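The values are calculated or read from the model by the stated rules, or taken from the named source; none is laboratory data. Since the model is a prediction, treat every value here as computed from it, not as a measurement. Positions of Cβ are generated from backbone atoms using ideal geometry, with glycine treated the same way; all protein chains shown enter the neighbour counts. Accessible surface is based on the protein model in full, side chains and every heavy atom, while ligands, DNA and RNA are left aside. Shrake-Rupley method; radii C 1.70, N 1.55, O 1.52, S 1.80 Å.
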Amino acid sequence: MNYRTDFLVIGSGLAGLTFALTAAEHGDVALLTKRASTDASSSWAQGGIAGAFADDDSFQLHAQDTMTAGAGLCHADAVDVLVTEGPARIMDLISLGARFDTQLSGHGDTELALGREGGHSRNRIVHTADYTGRECERTLLEAVRRHERIEICEHLFATDLIVCSAGSQTNCTGAWALDTRTGATIAYTARATLLATGGSGCVYRHSTNPEVATGDGVAMAWRAGVPAANLEFVQFHPTTLYAPGHRAFLITEALRGEGAILRNGNGEAFMQVRHPLADLAPRDIVARAIVDEMAATDAPNLFLDATSISPAVLASHFPTVSEACRRSGIDIATQPIPIVPAQHYQCGGVVTDLNGATSVGGLYAAGEVACTGVHGANRLASNSLLEAMVFGYRAGQHASEYTVSRCNGVPSREPQAQESREPWRIDELRSQTQDVMQRHAGIVRTSAGLALAAEELANVAEQLEALDGGMAWHEARNIATTARLVVACAAMRRESRGLHYCTDMPESIESERHDSVLTR
């Protein structure tokens, strides 16, 4: 079965929705999402979306904070694009009906209520209580649903890109998609395709990501011959609710911005001696400090104490966190919150230029799946939603002008659609991958551990290729592929920098200050 459109979008988060709205001014758009359209990592973002709006702020300060957090690896041109074009994209959301928190200015006018998070030198976080991502997603999704030239196709899992040759150039002409309800395979062809599949949280055992975050975009692009970069920089959120047996629930950094303090089991604050910004230090520093403190006290978790914040502020600004903790029997107004770090964000990804274009003609990537160079070795808080919109918009503009080159040869083969006869084996290999990554490619790494991980993951990949099946197999294969790329990038880096910390190479080295780029 074939379906032809002008623009194909794979993923329904902020990057995909922004691209779709932009490209729809120039042609028809099909937007594929492997589950429901609301099942995107963007919806889970609590903290906010950063923008230099305040009188005491500037593009230069936002750029400086971003570069500082990125530990010397941010691309200055990409950061400049992010901070200068970001406010316009936030205003787009407002014009579409986004309900951000406001306050009265000193002149009696209504203005955006700007918060602060770790690594920011100014208040610049635009937010809707503690569910900003959900509000941004709602706003854009409603606009997409109203647009007559955009079709949302739910429960369609893109399994592989359709690529072909045009002389020395490889082009993408769409993607194969598996209808997860019927088992049918559909070829979606388009003159431009966007990967907006989000991150790869399910590569790890413990993650704040939704279950759809299985590294699909990185793995598909890699199989199509697109380079990947900086995947060793996996951001672990320092504070997720410690509730054994349950999926990690993120405790927003904005809570620390309001004055919450990290404490050990003895009630002692410890971040003051770790960094000048104390509890608002960059996330990699806070996460390692928590791991060290847990090891020193032989504790399964630490605590985030928000009891100094007024109950009224907790109720109005942090309803999502308050309710999640209440379900676990914790009143955050009177009790400290038990926390542990968990995988949160993929800073590297599919290599793109400033327009979201990849090395394969007609293929774009935006959002968490992409490596634009904005985040460097560590993402600054609340830059992720901003990056998704800024580069999703730029990709949509560029794709509208892209002209398909004539392809020669046979397109990629149609993937297998039938369910595996050994589903238990697929689950077992997926779980084995997650355990390897949790042990050897987490917050603290060793060269020996990375070498062992590479060996074990190669074995997993070989066993998976001997199997085939439906959605579960495709996801397990993508998880294994992305895991191998993370480990390969980590092994390339002969230093510790940002989110990559290797105990036998603990210092940053100037000669190693470059991207870790993998090519096929």
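Does at least one position in the stretch 143-150 carry a residue that is in a strand (DSSP E or B), among the charged types (D, E, K, R), open to solvent by 10 Å² or more (accessible area, probe 1.4 Å) and in contact (Cβ under 8 Å) with a residue 40 or more places away in the chain?
So the first thing to find is which residues in the stretch 143-150 are in a strand (DSSP E or B), and the list is 150.
Add one more test, that the residue is among the charged types (D, E, K, R), and what stays is none.
Among the residues of the stretch 143-150, not one is in a strand (DSSP E or B), among the charged types (D, E, K, R), open to solvent by 10 Å² or more (accessible area, probe 1.4 Å) and in contact (Cβ under 8 Å) with a residue 40 or more places away in the chain, which makes the answer no.
Counting only residues that are part of a helix (DSSP H, G or I) and open to solvent by less than 30 Å² (accessible area, probe 1.4 Å), which one in the stretch 47-69 is farthest from residue 94 (Cα to Cα)? Full working, then the answer.
In the first step, residues of the stretch 47-69 are kept if they are part of a helix (DSSP H, G or I); the result is 59-69.
Right, trim to open to solvent by less than 30 Å² (accessible area, probe 1.4 Å) and you get 62-63, 65-66, 69.
Values: 62: 21, 63: 23, 65: 25, 66: 24, 69: 28 Å.
The selected residue is 69.
How many residues, within the stretch 329-377, are more than 25 Å from residue 162 (Cβ to Cβ), in a loop (DSSP other than H, G, I, E, B) and among the hydrophobic types (A, V, I, L, M, F, W, C)?
Residues that pass the stated criteria total 7.
Looking at the stretch 290-310 only, could you name the residues that are touching a strand residue (DSSP E or B) at 6+ places or on another chain (Cβ under 8 Å) and not in a loop (DSSP other than H, G, I, E, B)? Before you say what the answer is, go through the steps one by one.
Looking only at the stretch 290-310, we keep the residues that are touching a strand residue (DSSP E or B) at 6+ places or on another chain (Cβ under 8 Å), and these are 290-291, 293-294, 300-306, 308.
The answer is 290, 291, 293, 294, 302, 303, 304, 305.
Can you tell me which of 126, 144, 163 is under 28 Å from residue 24 (Cα atoms) and out of contact with any helix residue (DSSP H, G or I) (no Cβ under 8 Å at 6 or more places or on another chain)?
Working: 126 fails: out of contact with any helix residue (DSSP H, G or I) (no Cβ under 8 Å at 6 or more places or on another chain); 144 fails: out of contact with any helix residue (DSSP H, G or I) (no Cβ under 8 Å at 6 or more places or on another chain).
Just a single option satisfies the conditions, and that option is 163.
State yes or no: is residue 163 among the hydrophobic types (A, V, I, L, M, F, W, C) and open to solvent by less than 10 Å² (accessible area, probe 1.4 Å)? Steps first, please.
Working: among the hydrophobic types (A, V, I, L, M, F, W, C): yes; open to solvent by less than 10 Å² (accessible area, probe 1.4 Å): no.
It is false that residue 163 is among the hydrophobic types (A, V, I, L, M, F, W, C) and open to solvent by less than 10 Å² (accessible area, probe 1.4 Å).
For the stretch 192-201, state whether one or more residues are farther than 27 Å from residue 343 by Cβ, touching a Cys at 6+ places or on another chain (Cβ under 8 Å), of a type outside the set (Phe, Trp, Tyr) and crowded, with 18+ Cβ neighbours inside 10 Å.
Here is the first cut: in the stretch 192-201, the residues farther than 27 Å from residue 343 by Cβ are 192-193.
Narrowing the set further to residues that are touching a Cys at 6+ places or on another chain (Cβ under 8 Å) leaves 193.
With the extra rule that they be of a type outside the set (Phe, Trp, Tyr), the set shrinks to 193.
Within this subset, residues satisfying the condition of being crowded, with 18+ Cβ neighbours inside 10 Å are 193.
Scanning the stretch 192-201 turns up at least one residue that is farther than 27 Å from residue 343 by Cβ, touching a Cys at 6+ places or on another chain (Cβ under 8 Å), of a type outside the set (Phe, Trp, Tyr) and crowded, with 18+ Cβ neighbours inside 10 Å.
State all residues of the stretch 249-263 that are of a type in the set (Gly, Ala, Ser) and under 13 Å from residue 321 (Cβ atoms); if no residue qualifies, say none. Spell out the reasoning first.
Step one: list which residues in the stretch 249-263 are of a type in the set (Gly, Ala, Ser), which gives 254, 257, 259-260.
Answer for the stretch 249-263, where residues must be of a type in the set (Gly, Ala, Ser) and under 13 Å from residue 321 (Cβ atoms): 254, 257, 260.
Checking residue 461 against (1) out of contact with any helix residue (DSSP H, G or I) (no Cβ under 8 Å at 6 or more places or on another chain); (2) over 30 Å from residue 506 (Cα atoms): exactly one of these is not met. Which one?
(1)
Give the residue that is farthest from residue 347 (Cα to Cα), with candidates limited to residues of the stretch 508-520 that are part of a loop (DSSP other than H, G, I, E, B) and out of contact with any Lys or Arg (no Cβ under 9 Å at 6 or more places or on another chain).
Start the filter on the stretch 508-520 by keeping residues that are part of a loop (DSSP other than H, G, I, E, B), which leaves 508-509, 513-516, 519-520.
Filter once more, keeping what is out of contact with any Lys or Arg (no Cβ under 9 Å at 6 or more places or on another chain): 514-515, 519.
Values: 514: 14, 515: 12, 519: 18 Å.
Going through the qualifying residues, I end up with 519.
Only one residue in 358, 352, 372, 334 is within 13 Å of the chain's Cα centre (by Cα) and among the hydroxyl-bearing types (Ser, Thr, Tyr). Which one? Break it down into steps so the answer makes sense when it comes.
Details: 358 fails: within 13 Å of the chain's Cα centre (by Cα); 352 fails: within 13 Å of the chain's Cα centre (by Cα); 334 fails: within 13 Å of the chain's Cα centre (by Cα).
Among 358, 352, 372, 334, only 372 is within 13 Å of the chain's Cα centre (by Cα) and among the hydroxyl-bearing types (Ser, Thr, Tyr).
Return the residues of the stretch 125-142 that are of a type in the set (A, V, I, L, M) and either assigned to a loop (DSSP other than H, G, I, E, B) or free of Cβ contacts under 8 Å to residues at least 60 places away in the same chain (or both); say none if nothing qualifies.
129
Right, residue 320: closer than 30 Å to residue 397 by Cα and either surrounded by fewer than 20 Cβ atoms within 10 Å (Cβ to Cβ) or not aromatic (Phe, Trp, Tyr) (or both) or not?
Numbers: closer than 30 Å to residue 397 by Cα: no; either surrounded by fewer than 20 Cβ atoms within 10 Å (Cβ to Cβ) or not aromatic (Phe, Trp, Tyr) (or both): yes.
Criteria not met by residue 320.
Can you go through 429, 452, 518 and tell me which one is open to solvent by 30 Å² or more (accessible area, probe 1.4 Å) and modelled with pLDDT of 95 or more?
Numbers: 429 fails: open to solvent by 30 Å² or more (accessible area, probe 1.4 Å); 518 fails: open to solvent by 30 Å² or more (accessible area, probe 1.4 Å).
Unique residue meeting the criteria: 452.
Would you check if residue 295 is without any contact (Cβ under 8 Å) to a residue 40 or more places away in the chain, over 20 Å from residue 333 (Cβ atoms), aliphatic (A, V, I, L, M) and surrounded by fewer than 13 Cβ atoms within 10 Å (Cβ to Cβ)? Talk me through it step by step, then tell me what you get.
On the way: without any contact (Cβ under 8 Å) to a residue 40 or more places away in the chain: yes; over 20 Å from residue 333 (Cβ atoms): yes; aliphatic (A, V, I, L, M): yes; surrounded by fewer than 13 Cβ atoms within 10 Å (Cβ to Cβ): yes.
Criteria met by residue 295.
Can you spot a residue in the stretch 23-45 that is assigned to a helix (DSSP H, G or I) and modelled with pLDDT of 95 or more?
So the first thing to find is which residues in the stretch 23-45 are assigned to a helix (DSSP H, G or I), and the list is 23, 41-44.
Subset that is modelled with pLDDT of 95 or more: 23.
Scanning the stretch 23-45 turns up at least one residue that is assigned to a helix (DSSP H, G or I) and modelled with pLDDT of 95 or more.
Residues of the stretch 247-265 being open to solvent by 30 Å² or more (accessible area, probe 1.4 Å) and among the charged types (D, E, K, R), which ones?
Matches in the stretch 247-265: 247, 258, 263.
Return the residue satisfying two criteria in turn: it lies in the stretch 70-98 and is among the small types (Gly, Ala, Ser) and not in a helix (DSSP H, G or I), and of such residues it is surrounded by the fewest Cβ atoms within 10 Å (Cβ to Cβ).
Restricting attention to the stretch 70-98, the residues satisfying the condition of being among the small types (Gly, Ala, Ser) are 70-72, 76, 78, 86, 88, 95, 97-98.
Imposing the further condition that a residue be not in a helix (DSSP H, G or I) reduces the set to 70-72, 97-98.
Working: 70: 27, 71: 21, 72: 15, 97: 12, 98: 19.
Step by step, filter the stretch 70-98, then rank; the result is 97.
For the stretch 467-511, which residues satisfy the criterion of being buried (at least 17 other Cβ atoms within 10 Å of the Cβ) and charged (D, E, K, R)?
Once the filter is applied, which keeps residues that are buried (at least 17 other Cβ atoms within 10 Å of the Cβ) and charged (D, E, K, R), the stretch 467-511 yields 468, 475, 477, 484, 493, 497.
So residue 444 ticks every box in (1) closer than 22 Å to residue 233 by Cα; (2) among the β-branched types (Val, Ile, Thr); (3) surrounded by 20 or more Cβ atoms within 10 Å (Cβ to Cβ) but one. Which box is left unticked?
(3)
I'm told residue 347 meets every condition in (1) open to solvent by less than 20 Å² (accessible area, probe 1.4 Å); (2) over 25 Å from residue 512 (Cβ atoms); (3) under 20 Å from the mean Cα position of the chain (by Cα) except one. Can you identify the failing condition by its number?
(2)
Tell me, yes or no, whether the stretch 334-342 has at least one residue that is closer than 30 Å to residue 515 by Cα and of a type outside the set (A, V, I, L, M, F, W, C). Step through it out loud before you land on a result.
Step one: list which residues in the stretch 334-342 are closer than 30 Å to residue 515 by Cα, which gives 340-342.
From what is left, the residues that are of a type outside the set (A, V, I, L, M, F, W, C) are 341.
Yes, the stretch 334-342 contains at least one residue that is closer than 30 Å to residue 515 by Cα and of a type outside the set (A, V, I, L, M, F, W, C).
For the stretch 266-284, what are the residues that are under 22 Å from residue 497 (Cβ atoms), open to solvent by 30 Å² or more (accessible area, probe 1.4 Å) and either basic (Lys, Arg) or in contact with a strand residue (DSSP E or B) (Cβ under 9 Å, 6 or more places away or on another chain) (or both)?
Matches in the stretch 266-284: 274 only.
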